[in-house]
Every structure is written in C-alpha cells, then in structure tokens.
Amino acid sequence: MMAEQMGWNDIDEEDVPIDFSELSYDAALTLKLFNVLPDRIDGMSGTWLGKDYGGIGDIMNIYQIPKSALILDLLQVCIDETIKINEQKRKK
C-alpha cells in the first residue's frame with residue numbers, strides 16, 4: 001500500500017519487512033525483549049557490542065515471558081545477526 005502511494009512500481013518482495021503480526025508468539029516476545037534491552041556500545045569506536053543483559057530476569061517477569069531458555073536462545077540469534085549486519089555496514 002505504501003509503495004502504491006509513493007508511486008513505486010517494481011518492488012522486490014524480499015526488501016519488504018515482515019509484518020509483526022506474521023511472527024510466532026515466541027518470535028514476537030523475542031523482538032520485544034531485544035528492543036527493551038539497552039544497547040552496549042564501545043565508547044571509543046562507537047561499535048555496537050550487543051545488548052546489556054543486566055536486569056533481564058526482571059524484564060522477563062514484568063512481561064511474563066514463559067520459556068525463558070527458548071527466548072534467550074532466540075535473542076542470541078537476533079544479536080548475532082545484528083552484529084553481522086553492523087560489521088557488513090562498517091566494512092562498506
């Protein structure tokens with residue numbers, strides 16, 4: 001719909017971000033946790049180092065996140081992928 005409004009005719013479906021509602025419940029919880037946790041950034045270079053896990057137990061309790069081991073595994077996948085993307089951007 002946005003592409004139509006902007007007048008874009010040729011859209012690569014792989015470039016279109018996934019709709020949040022299409023994610024599984026566990027994936028949605030993982031992304032919520034990823035967005036809530038503060039970033040760790042190197043003070044000298046400004047390099048993104050990952051997420052600060054301090055207080056993660058409290059955050060999981062507040063959001064009543066079940067399956068904490070699975071969610072933590074998925075969170076680590078998100079962090080690893082974000083690190084890869086940031087390294088690719090930095091190389092360019």
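Read-outs throughout are calculated quantities, based only on the coordinates presented, and are distinct from any laboratory measurement. These figures come from a predicted structure and were not determined experimentally. So basically every Cβ, Gly included, is an ideal-geometry build from the backbone, and we count neighbours across all protein chains shown.
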* **Neighbour net charge for Arg90 - beta-carbon separation under 13 angstrom, K R +1, D E -1** => +2
* Structure fact -> So the angle from the long Cα axis of helix 68-91 to the longest Cα principal axis of the chain, reported in degrees to the nearest 10, equals 50 degrees
* Relative to the longest principal axis of the C-alpha atoms of the chain, give the angle of the C-alpha long axis of helix 25-36, reported between 0 and 90° and rounded to the nearest 10°. => 80 degrees
* To do: Give the relative contact order (percent, whole number) for the chain; include only Cα pairs under 8 Å separated by 6+ residues.
  => 25 percent
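May I ask for the net charge around Ile71, where only other residues with Cβ less than 10 Å from the Cβ of Ile71 are counted and Lys, Arg are +1 while Asp, Glu are -1?
Neighbourhood net charge equals 0.
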* lysines with Cα under 20 Å of Lys92, excluding same-chain neighbours fewer than 8 positions away -> Lys84
* Within straight cross-link reach of Lys89, meaning Cα distance under 28 Å, which lysines are found once same-chain residues fewer than 8 apart are removed? -> Lys32, Lys51
